[in-house]
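Reading through the structure tokens given below for one structure.
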Amino acid sequence: MASLSVKPGQRFTLPDWQNNSLLISANAEQQRYNSHHIRQEGRALRNETGNQARWDEHNSQTCLKDRITSVDRWRQALAKCLADTDLEIDALTKVKEAAENALQAKNLCLDVAIECLTFRESRRDIDVVRDPVEEELLREVKVIEKTKKELQQRVDDAFKQLCLLKEARQQLSCDHRHKVETLELDRQCVSFNPTSSNISFKVNPTRIPDGTTALHEWELNSQCNKERAEAEMRASVDLRGAITLSIAQTNNELDAQRIATEFALRKRMRDMEGALSELRWQEQNTLEEIAEMEEEIRQLEEDIRKRTLDLKVAHTRLETRTYRPHLDLCRDQAQYGLTDEVQQLEGTIRALQQKRTESQDALDALYRQLHRIQTDIGYKTNSLQLDKKCMDTRRKLVIPVEKFDPEVDAVNRTRNLPRNSQLEL
């Protein structure tokens, strides 16, 4: 006879069942309340932090823009002062060269006066007298020596002032370069946004870097550099005026040796033009070699990129094959081939990288050589321009030398100069 089976286990009462349902409902309501409260707090926090972040970002942008304006204003002031300093250096250099030329011209005047006195020492017997001519020649020697001493002092003062100007210019140039770099960095900071590709976390970004200065020190440094350059320029202007006055006071001492000086200047200009032609040829060849070397470096980098991709493929294949199951994980020919390929690719990449390093070193050496060539071209071009200016200036002071061919006395080894060949201020 069949019997009713009863599932063993604990039996709950109906009140227990009802209490359990009520408990579940109460817990659910409590959890929903807690969740709603947390959501409201999260929404408020998101709104607060979002507004704070937007305000902080706006404030940072405003500070950066204000800083850019301040730095750019100083950059413009320094650039103008730097340009004025360059102009003053050029002007003082030209005045110094003019003083040196005037000093050199006085040497010929002194040589002529001493030579005349030497010739007069050959007089014999009663003709050896102290006449007015000898007195005037002796007075002329004293005047020329005094003039030479004054001009030499002016040249020394100009050289010292040029050193001071160049030192001030160096500080201005360094400060200006720092301002330009700072502007570039700050403008780059302004351009950053959450979608920028080059943003990342940094290690201890709020640290104070070594060498950090206070804002007033930064502004005081630029102000001091500017004021020093302006003071040196004022001193240079005064010195140029004094040198120009000294040259103007001694210009009437120049003589006919000016013709020989012009011949020397013309020869120097021809030599300079020949040297410039050779340097420009070297510059062109160096530029062509630089272009070829840069193309070679690009090809090497492209090959390195391709071999790197091949190495990634080989690495991936080797790594993938490590997941073969059980006995299939064997060192077969494919495994050996992939291993050899990885080793070969690594060696190839190292060789290519080494060759790229050597090529880059050679390219750097070419650029340094090109810089030296271009610097030398600048020096020679400047010297050629100065020589041309000297020639143009000298043509204003004397009669046209193209119409004058001095005759040389074979006995006395002197030139018979025209009597009306007078110097003009």
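For the reader, a short list of remarks on this structure follows.
- Subset of segment 354-380 (residues that are surrounded by fewer than 15 Cβ atoms within 10 Å (Cβ to Cβ) and either closer than 28 Å to Ala314 by Cα or among the β-branched types (Val, Ile, Thr) (or both)): Gln354, Thr357, Glu358, Thr375
- Candidates Val141, Val155, filtered to the one that is open to solvent by less than 50 Å² (accessible area, probe 1.4 Å), over 30 Å from Asp86 (Cα atoms), among the β-branched types (Val, Ile, Thr) and part of a helix (DSSP H, G or I): Val141
- Some residue of segment 192-200 being of a type in the set (Val, Ile, Thr) and in contact (Cβ under 8 Å) with a residue 24 or more places away in the chain: no
- Filtered residue count, segment 55-108, keeping only those that are touching a helix residue (DSSP H, G or I) at 6+ places or on another chain (Cβ under 8 Å) and within 27 Å of Ala229 (Cα to Cα): 26
- Residue check: Lys179 meets all listed conditions (1) more than 30 Å from Ala91 (Cβ to Cβ); (2) open to solvent by less than 90 Å² (accessible area, probe 1.4 Å); (3) among the basic types (Lys, Arg) but one, namely (1).
- Segment 80-105 - residue that is small (Gly, Ala, Ser) and closer than 17 Å to Gln249 by Cβ and, of those, most open to solvent (accessible area, probe 1.4 Å): Ala98
- Among (1) at pLDDT below 75; (2) part of a helix (DSSP H, G or I), the one test that Arg123 misses: (2)
- Just so you know, in segment 278-293 the residues that are open to solvent by less than 80 Å² (accessible area, probe 1.4 Å) and free of Cβ contacts under 8 Å to residues at least 60 places away in the same chain include one that is nearest to the chain's Cα centre (by Cα), and it is Ala291.
- Residue within segment 60-67 that is more than 30 Å from Cys163 (Cβ to Cβ), touching a Ser or Thr at 6+ places or on another chain (Cβ under 9 Å) and at pLDDT 85 or above present: yes
- Every residue from segment 194-219 that is of a type outside the set (Ser, Thr, Tyr) and open to solvent by less than 100 Å² (accessible area, probe 1.4 Å): Asn198, Ile199, Asn204, Pro205, Pro209, Gly211, Ala214, Glu217, Trp218, Glu219
- Residue in segment 210-219 that is within 27 Å of the chain's Cα centre (by Cα), among the polar types (S, T, N, Q), more than 18 Å from Ala83 (Cβ to Cβ) and assigned to a loop (DSSP other than H, G, I, E, B) present: yes
- None of Val342, Val398, Val408 is open to solvent by less than 60 Å² (accessible area, probe 1.4 Å), of a type in the set (Val, Ile, Thr) and modelled with pLDDT under 70 except Val398.
The values are calculated or read from the model by the stated rules, or taken from the named source; none is laboratory data. All of these numbers come straight from a predicted model, not from anything done at the bench. Note: ideal-geometry Cβ built from the backbone for every residue, glycine included; neighbour counts use all protein chains shown. Surface accessibility is based on the protein's heavy atoms, side chains included, excluding ligands, DNA and RNA. Shrake-Rupley method; radii C 1.70, N 1.55, O 1.52, S 1.80 Å.
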